[in-house]
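Just below is one structure, and these are the notes that go with it.
Read the figures in this text as sums done on the coordinates, not as results from a lab. Only a predicted model underlies this, so the values are computations on that prediction, with no experimental measurement involved. Don't worry about glycine lacking a Cβ; one is built from the backbone with ideal geometry, like all the others, and counts go over all protein chains shown.
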Amino acid sequence: MPNILFAHTMAGGVPRAKIVLPVMNRVFKGHGDRYASSREFWEGTLGRFCDQSFMDVTANSFADLIDLSAPLRDRAKAAGKQVAYVAYGYHGTEILMGGEYLWQSYSPYLQGFAKLELERIAAREARNGIQASVYNAPEILTNSSSIFLGVEVALYPLLGPLKKEGPDHPLTQELLLACQNLLKPEHSLDEILTLTDSYFRSPVIQKWSDYPAWPQHNGPEQMELMRTTSERILQMHRDEKELLTATLSEVVFKACGHAMLFEAMNPRQNVWWIGHDIVAKTTLARKH
């Protein structure tokens with residue numbers, strides 16, 4: 001019998017109900033006259049319903065996986081093998097701002113309450129002798145995350161760490177060229193980095209980068225600035241169906257997988273943050 005690594009990839013839990021989705025779309029995408037308060041939604045009946053769903057899908061399923069696999073785990077351990085559990089989390093990300101790696105987070109990330117429970121489950125299981133760890137991954141654009149307006153804005157600054165950690169590395173040059181070719185001739189990657197740096201260091205977004213208060217609810221000025229910035233960058237692309245975010249998301253995805261596999265069997269702690277510095281260093285450490 002080999003060593004066993006269980007990967008918990010469950011996340012989300014948005015109820016696919018006609019009464020819920022239109023309201024959530026306004027919460028996550030609304031601005032101006034269509035702005036909707038995530039706090040009001042979350043504290044209402046629909047919000048309580050979503051909270052239960054998020055908890056079951058995102059967090060409690062991790063505990064279920066550990067509990068239900070106990071017989072297999074016991075067999076493996078009896079055979080002298082290792083068994084470990086990893087889960088994808090999200091709790092904000094350190095990105096490059098003004099030359100420093102600083103923490104920021106997307107808001108309103110209502111699933112964040114369930115992500116906190118996911119971290120607590122890992123800590124609890126570790127106290128019981130289980131090798132369980134959560135890896136808080138950076139923002140990434142997928143079919144499921146596209147509901148979150150502006151979540152992709154935090155992906156663009158990854159270009160900075162790649163240039164910082166390995167400016168002359170062949171992979172850096174290859175990625176920068178591929179990304180530049182996706183932009184209109186009159187725009188540059190440096191222009192995007194300048195825009196996103198200004199965005200994340202702005203007083204508005206800094207107010208929504210309060211780690212102790214995470215996850216934070218939205219605000220009209222924050223949603224407006226996030227949408228404006230997202231649209232400005234989108235308009236810099238040659239084709240709105242071929243975006244930098246696809247290329248950068250793949251970089252993040254591969255780096256996260258490598259980091260999780262490297263640490264999983266003997267985790268030094270229960271919760272890890274995979275910041276843009278780790279993504280860049282892990283990517284550049286790969287053989288070209």
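Please find, in a Gaussian network model of the chain (springs between Cα atoms separated by less than 10 Å), the residue of Phe54, Phe200, Phe41 whose mean-square fluctuation is greatest.
Phe41
Please identify, among Ser230, Ser198, Ser53, the residue showing maximal mean-square fluctuation in a Gaussian network model of the chain using a 10 angstrom Cα cutoff.
Its mean-square fluctuation being the largest, the pick is Ser198.
In a GNM of the chain with a 10 Å cut-off on Cα contacts, which of Gly160, Gly150, Gly99 has the highest mean-square fluctuation?
Of the options given, Gly99 has the highest mean-square fluctuation.
Could you list which residues have their amide H under 5 Å from that of Ile4, counting only those 5 or more apart in sequence or on another chain, with H placed in the peptide plane?
Sorted by chain and number, the residues that satisfy this are Gln82, Val83, Ala84.
Hey, what number do you get for the chain at 222 nm if only DSSP H runs of n ≥ 4 count, each worth -39500 (n - 2.57), divided across all residues, to the nearest 500?
On the way: 13 runs with 138 residues, N = 288.
My calculation for the chain gives -14500 deg cm²/dmol from helical runs alone.
Calculate the translational D of region 144-288 in whole µm² s⁻¹ from Stokes-Einstein, where the hydrodynamic radius comes from the Kirkwood formula applied to all Cα pairs, the temperature is 20 °C and the viscosity 1.002 mPa s.
On the way: Rh = 16.7 Å.
In µm²/s, the coefficient is 129.
Given all pairs of different Cα atoms, what value in angstroms does the Kirkwood hydrodynamic radius of region 49-167 take? Display every interim value, and only then the final one.
Working: mean 1/r = 0.0608 Å⁻¹.
Result for region 49-167, one decimal place: 16.4 Å.
With charges set only on the Cβ (+1 for Lys and Arg, -1 for Asp and Glu), what does the dipole of region 43-171 come to about its Cα centre, in debye to the nearest 20? If you can, show how the numbers build up before the last one.
Working: 11 positive and 15 negative charges, 103 e Å.
Dipole magnitude for region 43-171 comes out near 500 debye.
Fully extended, how many nm does the chain gain between Leu68 and Ile19 (0.36 nm per residue separation, minus their Cα-Cα distance)?
Values: separation 49, 0.36 × 49 = 17.64 nm, distance 3.37 nm.
Separation in residues times 0.36 nm, less the Cα-Cα distance, equals 14.3 nm.
Once phi is turned into θ = phi - 60°, what whole-Hz ³J(HN,Hα) does the Karplus curve with 6.51, -1.76 and 1.60 give for every residue of region 70-79, x standing for Gly and Pro?
Going residue by residue, I get 4, x, 5, 4, 5, 4, 5, 5, 5, 8 Hz, with x marking Gly and Pro.
³J(HN,Hα) across region 39-54 via Karplus (A = 6.51, B = -1.76, C = 1.60, θ = phi - 60°), whole Hz, x for Gly/Pro?
Running phi through 6.51 cos²θ - 1.76 cosθ + 1.60 with θ = phi - 60° gives 5, 4, 4, 5, 8, x, 4, 5, x, 5, 5, 5, 4, 4, 5, 4 Hz.
Over the C-alpha atoms of the chain, what are the Rg and the largest Cα-to-Cα span, Dmax, in Å?
Computed over the Cα atoms of the chain, radius of gyration and Dmax are 19.9, 64 Å.
Identify the trypsin sites (Lys or Arg not before Pro) of region 13-96 meeting these criteria: DSSP loop state and at most 13 other C-beta atoms within 10 Å of the C-beta. Let's see the in-between values first.
On the way: sites: Arg16, Lys18, Arg26, Lys29, Arg34, Arg39, Arg48, Arg73, Arg75, Lys77, Lys81; in loops: Arg16, Lys18, Lys81.
Qualifying residues, ordered by number: Arg16, Lys18, Lys81.
Among the listed pairs Lys184/Lys241; Lys29/Lys164; Lys207/Lys254; Lys241/Lys281, which have their C-alpha atoms separated by more than 22 angstrom in this model? Walk me through the numbers on the way to the answer.
Values: Lys184/Lys241 13 Å; Lys29/Lys164 33 Å; Lys207/Lys254 31 Å; Lys241/Lys281 29 Å.
Going by Cα-Cα distance, Lys29/Lys164; Lys207/Lys254; Lys241/Lys281 fall outside the 22 Å limit.
How high is the relative contact order of region 4-285, given as a whole-number percent (alpha carbon pairs under 8 Å, six or more residues apart)?
Details: 410 pairs, mean separation 74.7, N = 282.
About 26 percent, as a whole number.
Along the charge dipole of region 171-288, Cβ charges K/R +1 and D/E -1, which of Thr282, Gln216, Ser230 sits furthest on the positive end?
In region 171-288, that residue is Thr282.
What do you get for GluC sites (Glu not before Pro) in region 167-236 restricted to DSSP loop and a cutoff of at most 12 other Cβ within 10 Å of the site's Cβ?
Values: sites: Glu174, Glu186, Glu191, Glu221, Glu224, Glu231; in loops: Glu186.
Taking region 167-236 and a limit of 12 other Cβ atoms within 10 Å, the loop GluC sites (Glu not before Pro) found are Glu186.
Run through the DSSP bridge list for region 4-285 and note the antiparallel percent, rounded to the nearest 5. Let's see the in-between values first.
Working: 7 of 21 bridges.
Restricted to region 4-285, the bridges split so that about 35 percent are antiparallel.
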